[in-house]
Amino acid sequence: MDPSFTSKSLLHVLLILGFLGATRLHAHDPPLTLDYYASTCPTVFDIVRKEMECAVISEPRNAAMIVRLHFHDCFVQGCDGSILLDDTVTLRGEKKAANNINSLKGSGIVDKIKNMIESECPGVVSCADILTIAARDAVILVGGPYWDVPVGRKDSVTANVDLANTNLPTPEESLLSIIAKFLYQGLSVTDMVALAGAHTIGMAQCKNFRSRIYGDFESTSLKNPISESHLSSLRSVCPPVGGGDNNITAMDYMTPNLFDNSFYQLLINGEGLLNSDQEMYSSLFGIETRELVKKYAADPLAFFQQFSESMVKMGNITNSESFITGEIRKNCRFVNT
């Protein structure tokens, strides 16, 4: 057992696991294959890649947006495209959940890819698969690793805003609580630390890091001119009171548009922007996570390898119900009529 867990900590995790929603999903070996579209839509990977190249060249931030969209999809009902559904009279989508509202972008990119694929292979490729492939290509296009993407997902005909509010980790959440949310999905502590590395290309809103930069940032960070200057810069972006909630800044200020391991080096320096990220290194309960942060900070290849494996594992969290009741949406924003 992870030595950072006391019996009280374990009880805390088990309690959280008990309250994380009615539908329990696990990362396992689903009925997904690498050649699922080999005969029905052989150009699917090329189309996604070409459209993602255009999207990332025009705006490098699009890479992080697509990766985040995929993550928020998989943690709610599995990777079933439910995150892409808009609200209708009969369906309440997940986009307005507390963890998603005003911070989920990238749906327009998926729409564009979907339109291109529909013109080539109508009614064949799911929106869930498009988003999963696009997330892989997004990472590659900003310098990250390659991995093979198993495909064959179906699109759900439902969404679950309550699970979106419950299952997704939040920036102010404790380390143990976030570990519990990953374990609930069948993902390990190692997966959690590796997947958090996607923050190397992410942006954060002021409301999600205000308490950190006016709280313990000074006590965790190194006392040097660079760190002090960075903190002053963060505070100028994010005032303590009086608005600015949606002002944004990079989570990795060293190389914000490059997928690398500098995110972990920032954590070692005590400069993690989000409290939930810094906790992986600084928390009293972070014995295992601290060692992983140090490992990935020192060894970019180890980080790339684990990130690739963990992304496949997360992408394999399927919605078993969608294989029975699911569909191939014509428009990713709406269930077929």
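Structural remarks
- Residue count for region 317-327 satisfying the condition of being open to solvent by 30 Å² or more (accessible area, probe 1.4 Å) and in contact (Cβ under 8 Å) with a residue 12 or more places away in the chain: 5.
- For region 153-175, the set of residues classified as closer than 28 Å to Cys238 by Cβ, hydrophobic (A, V, I, L, M, F, W, C) and crowded, with 20+ Cβ neighbours inside 10 Å consists of Ala164, Leu175, listed by residue number.
- Only one entry of Phe303, Phe259 meets the criterion of being open to solvent by less than 10 Å² (accessible area, probe 1.4 Å) and not in a loop (DSSP other than H, G, I, E, B), and that entry is Phe303.
- Residue within region 6-22 that is over 20 Å from the mean Cα position of the chain (by Cα), open to solvent by 20 Å² or more (accessible area, probe 1.4 Å) and either modelled with pLDDT of 95 or more or within 22 Å of Arg153 (Cβ to Cβ) (or both) present: yes
- One residue from Glu309, Glu288, Glu271 being in the same structural domain as Phe182 (by the TED database) and not in a helix (DSSP H, G or I): Glu271
- Restricting the first member to region 35-54 and to residues that are under 15 Å from Ser119 (Cβ atoms), and the second to residues that are part of a helix (DSSP H, G or I) and small (Gly, Ala, Ser), the beta-carbon pairs closer than 7 Å and six or more apart or on different chains are Val48/Ala134.
- All told, Met314 falls short of being closer than 30 Å to Ala128 by Cα, open to solvent by 10 Å² or more (accessible area, probe 1.4 Å), modelled with pLDDT of 95 or more and under 18 Å from the mean Cα position of the chain (by Cα).
- Count of residues meeting criterion [among the small types (Gly, Ala, Ser) and open to solvent by 20 Å² or more (accessible area, probe 1.4 Å)] in region 262-287: 1
- Filtered residues of region 235-256 (kept if part of a helix (DSSP H, G or I) and open to solvent by 70 Å² or more (accessible area, probe 1.4 Å)): Arg235, Ser236
The values are calculated or read from the model by the stated rules, or taken from the named source; none is laboratory data. Because the structure is predicted, anything quoted here is derived from the model rather than measured. Don't worry about glycine lacking a Cβ; one is built from the backbone with ideal geometry, like all the others, and counts go over all protein chains shown. The accessibility values were calculated without ligands, DNA or RNA, using every heavy atom of the protein model including side chains. Shrake-Rupley method; radii C 1.70, N 1.55, O 1.52, S 1.80 Å.
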